[in-house]
Every structure is written in C-alpha cells, then in structure tokens.
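*Asks:* The structure follows.
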Amino acid sequence: MSDKQIILDPTGLYDIPSGYIRITTEVEWIQFFGVSADPCWVRGERLCKWAETWLQSWNRSEEITEIKQHPRYILGQLFATVPLPDDWTDEQLLILTTKLDSYPQDNPIAYFLADNITNSNGQIWFAQASISHLATWLSIPVAEEYKPLERVWQQRFKEHELANYYQTEDKLLFLRRWLGIAEPVFNDIGKYPLPVPDLLRQEFDSYWQQLISRTEGKVLDTLIPTNHVGMERIANCAYRALKTRSDWINKVREAKVIPYLSYQQKLELSLNQRPPQPLALDATPKEALAWATKDYLPFRCWEVIKQPASTSRISDSLADSFVEWMLQHYPQMKVESVENSYLNYSVASRVQNLCQDSPVFWVVVDGLGWLDHLELLSLLTNNYKLAVETAIEPRFSILPTKTEYAKWSLYAQLLPSDSAWVADAGKAFVKMGMGKRYTDRQVDKLYSALRKKTSKLYCWDTDIFDSLYHSQKDWQSFNELDRPHTLKVIAEKIDYCLQQYPDPDALRIVIASDHGQIMGTSEKITHCPPELEPKGRMAIGKTDDTRFVVLEGDRYGLPHDISIVKNVTIRDQNAILKSASGFLKILYPHLELTLMDYERDCLEPACKLRQAIRNSLYYLDDEFRQFGREIYVETK
C-alpha cells in the first residue's frame, strides 16, 4: 500500500501549494500518478469524482488525505443560523475561510474580529456578557464587510439574560435610544454606564443643544443629573445656551449644571450678567464674606473683562458698600482671638496646630484672590490628584491690604499696631517659632530642605502671581492667558515640591494669601494734600479731604493713620466734564480764566447738577442705590 498523499479539490478554488503535482485531467492522472513520489493535487469536481472512484476500485482510498470542501459550505456550518451574504463571491469566501482557519478553532470568529476591528480593545470579543460589556460593544463601529461575522458572534449570547439586547439588528439605533437621543428612549437596564461614545458625541451635543434651545431651558427644570448619561456634555450644552441667554438662567437650572462645569465656566455662568445688591451695613462677617466671594468678586471679574473701559463700573459702586461695612465692623473683628478670627492671620494658628501632627508645606501666594484660590485648588485636585482635606474658607485681609502690613500680620499673628511691626515679612515669620520661609529666589534651598526633611514646617512665600497685577493693563488677556498660566506654574511647583519630600503622603499642604488682588484699575493719589505722605494708592497720615477714606491707627490697629483714595465712577466723571465744558464755553469763550474761576464757575455747578441727578435716582428705586449717592471730584 502506497503512502502517497492525494488532495482532492472539487471546488477548484484553492491554491496548489508548492511540492504538489497538479492534476486537472484523466490524462495527467495516468501520466503522473504513481510515476513521481510527490503528492498529487487533483482539481475539478468531475475529475475528483473520477479519481475517487478509481482509488476505490483499486482499494487505495486511504491515500486520500483531504477532500476540499467549498468555502460556502464551511462558512455555512460556522455561521449556522446567520445567512451568508449573497453578494460574497467564491473568492471572497475562500479568503475568509483561509483566514478563519489560521486562528485557534475554539473561537475563530472572535479572534478574527479582535484582529480586524482595530478601533476597539480586542478583549471585548472574548469577554463575558454584562451591561458594561453590552454598552462597550454597542459603541464599537464595525465595517459593513465584517457585520455578518459580528452577527455570528452575537449568537454566543442567545442563552444569556441580556440576549434580547445582544441580538439587536441595529446597534447604532439601539445605542441612540439608550443614550436618550432617539425615540423610544430605552432604560430597561438603567442608564448607559459609560461616557458618550466618540461616534455619537457630535449628535448627542446637537440633540441637547436643540432641546435646550427649543424649550428655552425648561428641560433643565425636570432634569435629574444622576439619571442621565453624559451629564458633563449636557452641562456644557446648557452652559453655551445660558451664557448667551441669561434670561433663561434660574437657581434650579444653574444648580443642575454647575457641578459638571470647569472653574471658568462656573464663574461666567454664576455671574448671570446682573449686578448683585450692595452689601447691607448690618450684615454679619459670615454674610459679608459670602456676599464678597459669591456675588461681588465674580461680578467684578465679569464686568472688568466684558464691559468696555469707557462705561461706568457698577462694581466700583458696589465696593463702596463693602468699604462702609469694613469701616464699621473691622474694629470689632480685630479684637477677637486670633484662632477664631475672621481675619486671615488665623491661618497661621491653624498651620501651627497642623504641625503638631504632621509636617506642613505652607504656600503663601501674594495677591491670590478668592477666585484665583479656587482655580488653583481645582488645578491641584484635577491635574495632580491632590485631595482637599479641609474646605477652603474665606477670610478678611488685615488692613490696609498692602504686603508690608498684611503679610507681617499673617505670619506674626499680630496687628500692625504692635510695637514689633516692621516692613519685613521675614522677621515676622520668626514668630511662628518653627520652620523656615523661602522666597522665590530661594526655591533651590526649599527643594533641598524638603528632600532632607529638615523641619516640620516649610513655607514657600511667592510673589510671582502678585507681580502680574502690577504690570497688566489688558484684563481680558490677563484673565485668559497670564493669570491661568501663572496659576498652572504655581500648581506645578507645588506638586514638584511634594514629590521632593521622601514621604509625600505624609506632607500636608496649606495654601493662603496675605491679601487678594482683584482685576481692574484703582485710583492713585494725585494732588496729595500736604498733610499726607503719598504711598501709591494710599498715604500715611490723616486728612479731611473728601477724596479719601481714613483709617485711624488706634481704631483699626495700625502703626499710624492711613488715608486711602476713593473711586469716582466714569459715568459721573464724563457727565460732570461735559457740563463743566458747557459752562466754560458759555462763561469763558475766550478761555481767559484762572483755575479758581474754573472751579467756582464751571466745575462746582456741574458737580451740583450731577449730584442732584444722583440723589433723584438714589431715592427713586432700589436698583439705583447700588451706584451710591455721594459724588467726589477733583481738579487736575
């Protein structure tokens, strides 16, 4: 009995491997069979039947190694109840059969899909059925040519409790329904458990933008965030709509979307483009802080950035109410114990207490305002995965809000009126009784100290943020470029410092400021009264000049009396100047007059006219009280 190998290919589709004798006719069979020792490959349906009969008659059927089956039959067996596409040619069927035959035969379809569906995690085709698995699979786009194989793969789950969902014939429609952007909405097994898939993000956003616009925001009233997939995207759609239609905003809608927005988006949306009411004079310190941080500061930020420079600043007038409140309440707050004080030198007391239990990295960012502080915390928690242990609480700065006073008090836990006060924050830090303070020029020493664990307290005192406010004039570019960039630099340095410490998890971080800068220009002293010593926005000494607010040393805990220049709203300035110009043209067309003539005959009458209008508006309606009542002018 011969051991010759014979392959019968009645389909004529398969390629003949090298080393085989090709036999396509009876003549070739007689010519080559039994002559050569090489195996034979018989091709053609009629010849294969003839060869099979010939071998049977000679009792040599065992020499037939394989009878090739038609790839349509092979795939039909594999596809079972899933019909093969009618438009697949024999050549395509053969290529697919050959490819499937190269994979492990326990699950060749899954291996094929994992190999060819490149925009997915290949393991999805081998995983067990679950809601999460279903959600992931639905989001995977499959090319049309591979969909028949995917339908075969779907049959694996026919006995599972989720079988009905896996057997869907339109994955994309089913996914839209599950996401709530197609009817009828599907939620039989809860909300879609994953983020909105990439392939439907644009459609999802468009759906919600149109829905919010069509209902004028009313759809947000009944929205339950925990029940909706893609709340972050819905919130961004709402933000874009509400930002341009402030009349659609209310507290309920704002509360629904705020948790899902970025810090900057929250700030812009919370403004609502409407000024808050002035601070009530009888407000408690807690109420005053809430007014300043939630109402005044966000509104001022929006107004300075968005409003043209030529318009009057409502926030300047609102600030007057805060000034009046501070003048009345600060003397009482300064006598309370440091530990429980609403003044920000209570931070040092907390730092000392924390140092009893663990090492502390105290970051003092000069000029860091409340809104900036929130954004810095957002960067640290989102970008560097730090956790907030104690929620940030606002505090009042020590008066006056200049570094030499406020920072000294922050470290020393004493008011500037103390006999030890000097304009040197380094000497004040010594009163902490522990640790060391490092300025921006000493950060290399700070890194070294952290690596060596030299003490319980490390203080980085940086003025890189405060310096921005002293050099900037374009507040929009400042807000969009310089401010966020510098905050990112500070956050990055904080994280770097943390990583230098041998045991980062043990190091607690405290972030504070001596005083907060706010956007917008402020009046500087011009034509300073002789009794004052000018110092930029303030002056040492006391004056009766109505252009100034006076902080008496004894009453406000200062080493000397201090006078601070008031602001005048631009609208009043313009109105007064126009009226004064009119009087000038009428009374002195030849321009032959002295400064005293101008003040007496032009400026003072113009001021009285404007003051009369302001008085009428002030008593006419509460809306106008936010602008204040008294007008102060000066001749330059």
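The values are calculated or read from the model by the stated rules, or taken from the named source; none is laboratory data. Predicted model, so just to flag it, every value in this text is computed and none were measured. As a convention, Cβ positions derive from the backbone with ideal geometry for all residues, glycine included, and neighbour counts pool all protein chains shown. For accessibility, only protein heavy atoms count, side chains too; no ligands or nucleic acids. Shrake-Rupley method; radii C 1.70, N 1.55, O 1.52, S 1.80 Å.
*Asks:* Once you order the gyration tensor axes a ≥ b ≥ c over the Cα atoms, which shape class does region 297-441 get: rounded for a/c under 1.5, otherwise prolate or oblate by comparing a/b with b/c?
*Replies:* The shape class here is oblate.
*Asks:* On the accessible surface of region 388-461, probed at 1.4 Å, how many percent belong to carbon and sulfur atoms?
*Replies:* 49 percent
*Asks:* Which lysines have a Cα lying under 19 Å from the Cα of K256, excluding residues fewer than 8 positions away in the same chain?
*Replies:* Leaving aside lysines fewer than 8 places away in the same chain, those within reach of K256 are K191, K218, K243, K266, K294.
*Asks:* Right, here's the next one. In nanometres, what is the gap between the two model label sites at T25 and T284, each 7 Å from Cα along Cα-to-Cβ?
*Replies:* Placing both labels 7 Å beyond Cα along the Cβ direction yields 11.0 nm.
*Asks:* OK, next. Provide the net charge surrounding Y447, with neighbours chosen by a C-beta distance below 14 Å and charges set as Lys +1, Arg +1, Asp -1, Glu -1.
*Replies:* Taking every Cβ under 14 Å from that of Y447, the sum is +3.
*Asks:* Which lysines, if any, have their Cα less than 22 Å from the Cα of K493, not counting same-chain residues under 8 positions apart?
*Replies:* Result set, ordered by chain and number: K385, K407, K436, K445, K452, K453, K456.
*Asks:* Taking each pair of distinct Cα atoms in region 125-247 once, what is the resulting Kirkwood hydrodynamic radius in Å?
*Replies:* About 15.9 Å, per the Kirkwood formula over Cα pairs.
*Asks:* Using 7 Å Cα-to-Cβ label points, what is the Q264/K453 separation (nm, one decimal)?
*Replies:* Placing both labels 7 Å beyond Cα along the Cβ direction yields 4.1 nm.
*Asks:* If you don't mind, there's one more thing I want to ask. Taking the alpha-carbon distance from K488 and a cut-off under 18 Å, which aspartates and glutamates remain once sequence neighbours fewer than 8 residues away in the same chain are dropped?
*Replies:* Partners within reach: D366, D372, E375, D440, D461, D463, D466, E480.
*Asks:* So if each residue of separation counts as 0.36 nm, and I subtract the Cα-Cα distance between N164 and D38, what length gain in nm does that give?
*Replies:* Roughly 39.9 nm would be gained on extension.
*Asks:* Here is a follow-up. Kindly report the accessible area of the chain per residue (heavy atoms of protein chains, probe 1.4 Å, no ligands, DNA or RNA), in Å².
*Replies:* Spelled out: the 1.4 Å probe surface of the chain, per residue, equals 52 Å².
*Asks:* As an exercise, use a Förster radius of 60 Å and the Cβ-Cβ distance of T215 and K99 to find the FRET efficiency, rounded to the nearest 0.05.
*Replies:* Rounded to the nearest 0.05, the efficiency is 0.70.
*Asks:* Under the definition of Cα pairs under 8 Å and six or more residues apart, what whole-number percent is the relative contact order of the chain?
*Replies:* 9 percent
*Asks:* With Kirkwood's inverse mean 1/r over C-alpha pairs for Rh, give me the Rg to Rh ratio of the chain, two decimals please.
*Replies:* 1.24
*Asks:* OK, next. State the three equivalent ellipsoid semi-axes of region 425-465, derived from the C-alpha gyration tensor as the square roots of 5 times its eigenvalues, in descending order and whole Å.
*Replies:* Over the Cα atoms of region 425-465, the semi-axes work out to 16, 15, 6 Å.
*Asks:* Further question: If r is the Cβ-Cβ distance from K385 to D198 and R0 is 35 Å, what FRET efficiency results, to the nearest 0.05?
*Replies:* 0.90
*Asks:* What nm value, rounded to one decimal, do you get for the distance between N59 and L587 when each label is placed 7 Å out toward the C-beta?
*Replies:* Computed distance between label sites N59 and L587 equals 14.2 nm.
*Asks:* For the chain, find the longest principal axis of its Cα atoms and tell me its angle to the long axis of helix 314-333, 0 to 90°, nearest 10.
*Replies:* 70 degrees
*Asks:* Helix-only mean residue ellipticity at 222 nm, the chain, DSSP H runs n ≥ 4 weighted -39,500 (n - 2.57), per residue, nearest 500. What is it?
*Replies:* That calculation yields -13000 deg cm²/dmol at 222 nm.
*Asks:* Once you order the gyration tensor axes a ≥ b ≥ c over the Cα atoms, which shape class does region 386-444 get: rounded for a/c under 1.5, otherwise prolate or oblate by comparing a/b with b/c?
*Replies:* Since a/c reaches 1.5 but b/c is at least a/b, the shape of region 386-444 is classed as oblate.
*Asks:* Still on this model: Loop only by DSSP, 14 or fewer other Cβ within 10 Å of the Cβ. Give me the chymotrypsin sites (Phe, Trp or Tyr not before Pro) in region 300-398 that pass, ordered by residue number.
*Replies:* Sparse-neighbourhood loop chymotrypsin sites (Phe, Trp or Tyr not before Pro): Y384.
*Asks:* Where does region 446-512 land on the Kirkwood hydrodynamic radius, alpha-carbon pairs, in angstrom?
*Replies:* Answer for region 446-512: a Kirkwood hydrodynamic radius of 13.6 Å.
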